[in-house]
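Down below is the structure, laid out as structure tokens.
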Amino acid sequence: MKKTILLSLITFILVACGKGGISESNADATSEAAVSKALAAIPPTHTPAPPKPTVAVTVIQTAIVTQIVEVIQEVEVEVEVTRLVDRPVTVTPTNTPVNSPTPSNTPTITPTPSQTPTPTETPTPTPTPNLAQTATMEAYGELAAPKGSGFYAVGTDILPGKWHSTSTNDGCYWARLDANQDILANHYGIAGGTVNIQSSDYEVEFNDCGTWEYVENAEPILQPDAADPKGDGFYTVGVEIAVGRWKSTSTDDSCYWERLDGNQEIIDNHYGMAGGTMTISAYDYEVSFLDCGTWEYQGP
């Protein structure tokens, strides 16, 4: 539209000039003014802005790796020339063991247990002869031979040491005497006990005690019936009676018991009511019971 109006104005100006009324310079001015006026009279039109182009941005990340290089400077120093001498050395190579495979656990076969035979009863061993005792008795002959009732001079008729009565009489009497026939020690009562004759004794007397046997070197061997019930009498500890607790079953009121050492010295004793308990020690040599009823073994 602008182009049409502009062309019309130019045509109009040219026609006017052609008619001869306007000079060439005035015509140019008039023409420019007319054009400016005509342009000013034309309403502006909105020219749309060209569309903005779409820009694609691509970001590229570049990693720069810095490598650290260690430089070792070697300083060469001139030294005196050293002559190398080759010396042959024989080296015996060792054999490198080849790894052998570890064997896996081989299960063992558990044998079927055979029936255990019933053990046979072990017979009670018979006492082994004491060679020292036998040798002593053979060497001393009559001095170590068994003795009955009577008087015996110590060292002449009888050996010093322990002698044991084998009887169970209740009227046994024995006495140890010095050179003046003074009593050093004595006993009256149940037989079956022990007398320890000293080498300093002058004489001994035995009366109604049964047979006396020399037991100084006898080895103590526990008899099979050592834990069986016991009545009145003397019992050698560890031979005729077991060590441990014993209980009286009687209710008598005149029970007497005593524990003796190897010299027939009393370690402990009791007189009175029966029915009590006594403990025999391994250090005791002998025990004596009288009117206490039956003694039963209670255990160690």
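The values are calculated or read from the model by the stated rules, or taken from the named source; none is laboratory data. No experiment lies behind these values; they were computed from the predicted model shown. Ideal geometry is used to build each Cβ from the backbone, glycine not excepted, and the neighbour counts take in all protein chains shown.
Data for the structure
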quantity	calculated
Extreme residue, nearest to Ser281 (Cα to Cα), among residues of segment 207-243 that are under 45 Å from the mean Cα position of the chain (by Cα) and among the charged types (D, E, K, R)	Glu240
In segment 221-241, residue surrounded by the most Cβ atoms within 10 Å (Cβ to Cβ) [restricted to those that are of a type outside the set (D, E, K, R) and closer than 20 Å to Glu265 by Cα]	Ile241
Filter result (within 16 Å of Ala145 (Cβ to Cβ) and in a strand (DSSP E or B)) within segment 196-213	Ile197, Val204, Phe206, Trp212, Glu213
Top-ranked residue in segment 135-146 [being more than 9 Å from Tyr214 (Cα to Cα) and surrounded by 13 or more Cβ atoms within 10 Å (Cβ to Cβ); ranked as modelled with the highest pLDDT]	Leu143
Yes/no for Ala179 being small (Gly, Ala, Ser), surrounded by 17 or more Cβ atoms within 10 Å (Cβ to Cβ) and more than 28 Å from Pro300 (Cα to Cα)	no
Segment 223-242, residues that are farther than 14 Å from Gly193 by Cα and touching a Leu at 6+ places or on another chain (Cβ under 9 Å)	Gly238, Ala242
Test: residue in segment 214-229 that is assigned to a strand (DSSP E or B), more than 28 Å from Ile158 (Cβ to Cβ) and either touching a residue at least 24 places away in the same chain (Cβ under 8 Å) or touching an Asp or Glu at 6+ places or on another chain (Cβ under 6 Å) (or both)	no
Failed criterion for Asp268 (all others in (1) under 24 Å from Asn169 (Cβ atoms); (2) without any contact (Cβ under 8 Å) to a residue 12 or more places away in the chain; (3) touching a Lys or Arg at 6+ places or on another chain (Cβ under 8 Å) hold)	(1)
Residues satisfying the stated conditions in segment 242-274, i.e. surrounded by 19 or more Cβ atoms within 10 Å (Cβ to Cβ) and of a type in the set (Phe, Trp, Tyr)	Trp246, Trp257
The one condition in (1) surrounded by fewer than 18 Cβ atoms within 10 Å (Cβ to Cβ); (2) acidic (Asp, Glu); (3) more than 17 Å from Thr168 (Cα to Cα) that Asp284 fails to fulfil	(1)
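One line per residue, one yes/no per condition, for (1) modelled with pLDDT of 95 or more; (2) farther than 30 Å from Pro160 by Cβ; (3) in contact with a strand residue (DSSP E or B) (Cβ under 9 Å, 6 or more places away or on another chain):
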site: Pro220; (1), (2), (3): no, no, yes
site: Pro224; (1), (2), (3): no, yes, no
site: Asp228; (1), (2), (3): yes, yes, yes
site: Gly231; (1), (2), (3): no, yes, yes
site: Gln264; (1), (2), (3): no, no, yes
site: Ala274; (1), (2), (3): no, yes, yes
site: Leu290; (1), (2), (3): no, no, yes
site: Glu296; (1), (2), (3): yes, yes, yes
site: Gly299; (1), (2), (3): no, yes, yes
